[in-house]
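Below: the structure, in structure tokens.
The values are calculated or read from the model by the stated rules, or taken from the named source; none is laboratory data. Note that the structure is a prediction, hence the values are computed from the model and not measured. Here the Cβ positions follow ideal geometry from the backbone for every residue, glycine too, while neighbour counts run over all protein chains shown.
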Amino acid sequence: MRNAVLLPNGLVLTTDNSAGIGEKEADVVQVPDEVVAYFAGRVSLMEQWAAGAYPISIVLHNFSGNKSWDKYLAGMEKLFGEINQPCPEITGSTESNMETLQSAMAITMIGERQVTSAEKYTWYVYGKPCVGEEVMTESEKIADMKKIWDGVNSGFIQRVWPVGSAGIAGECKRLGLRCELTDWATWKSAGPATSVLLGIANNQVEEAKLHFGKYFEEIN
């Protein structure tokens, strides 16, 4: 498991943060606050899936000021709208006493573990690693959340493992997998989980290939 915390009562905590990315003049990457929240939420949501859980509540930590709060909420609504699910209740706080020069925010999700089947599976990678401005300019290469969610619900995705700054090869090493991909930048950071490792049920591989199409390849 990645950055999830398992609590004794069956709840799962996941989180992701962002700094220097947003709408402030001093931000390193200039993108709408809604987009920042969407991608932070995307990482935290995939971490929930990796733990076999689904979020029931969200905590938003906003250090960018009052003007950013509603934009961050809109980003979360967009994320859950993408998978055709209602957005869980969102609570949190805003730093309004001190004006920051750069944007900063974090998303924490609280989820419940789900009972899943235990089919034998093979690991695939879906989505190309993108980071920084590439997340906006090469969005067609990014793993599609709706396709992943539909695959989980259809049962042919048995495991979800988002790729972070360690790259595909680094995550494969954590899982004890031999990475033999060709034409993939396997050590490149995948930024906000633009790539994801998926355990595909062996009896539904062809269905998965049709479902995901481009940028979907067996790891070894």
Which of the residues that make up the stretch 41-69 are in contact (Cβ under 8 Å) with a residue 40 or more places away in the chain, in a helix (DSSP H, G or I) and either farther than 22 Å from residue 196 by Cα or not small (Gly, Ala, Ser) (or both)?
42, 43, 45, 46, 47, 48, 49, 68
Among (1) crowded, with 20+ Cβ neighbours inside 10 Å; (2) under 26 Å from residue 161 (Cβ atoms); (3) more than 17 Å from the chain's Cα centre (by Cα) - the single one residue 68 does not satisfy:
(2)
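Look at residue 72 and say whether it is outside the structural domain of residue 136 (by TED's automatic domain parsing), out of contact with any Gly (no Cβ under 6 Å at 6 or more places or on another chain) and not in a loop (DSSP other than H, G, I, E, B).
Yes: the conditions hold for residue 72.
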Can you find a residue in the stretch 153-161 that is under 30 Å from residue 9 (Cβ atoms), touching a Lys or Arg at 6+ places or on another chain (Cβ under 9 Å) and basic (Lys, Arg)?
no
Looking at the stretch 179-188, can you tell me whether even one residue there is among the small types (Gly, Ala, Ser) and either under 16 Å from residue 122 (Cα atoms) or modelled with pLDDT of 95 or more (or both)?
no
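Of all residues being in a helix (DSSP H, G or I) and touching a residue at least 40 places away in the same chain (Cβ under 8 Å) in the stretch 189-220, which is farthest from residue 21 (Cα to Cα)? Just the residue, please.
In this case the residue turns out to be 203.
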Exactly one of (1) farther than 29 Å from residue 30 by Cα; (2) surrounded by 15 or more Cβ atoms within 10 Å (Cβ to Cβ); (3) of a type outside the set (Asp, Glu) is unmet by residue 178. Its number?
(2)
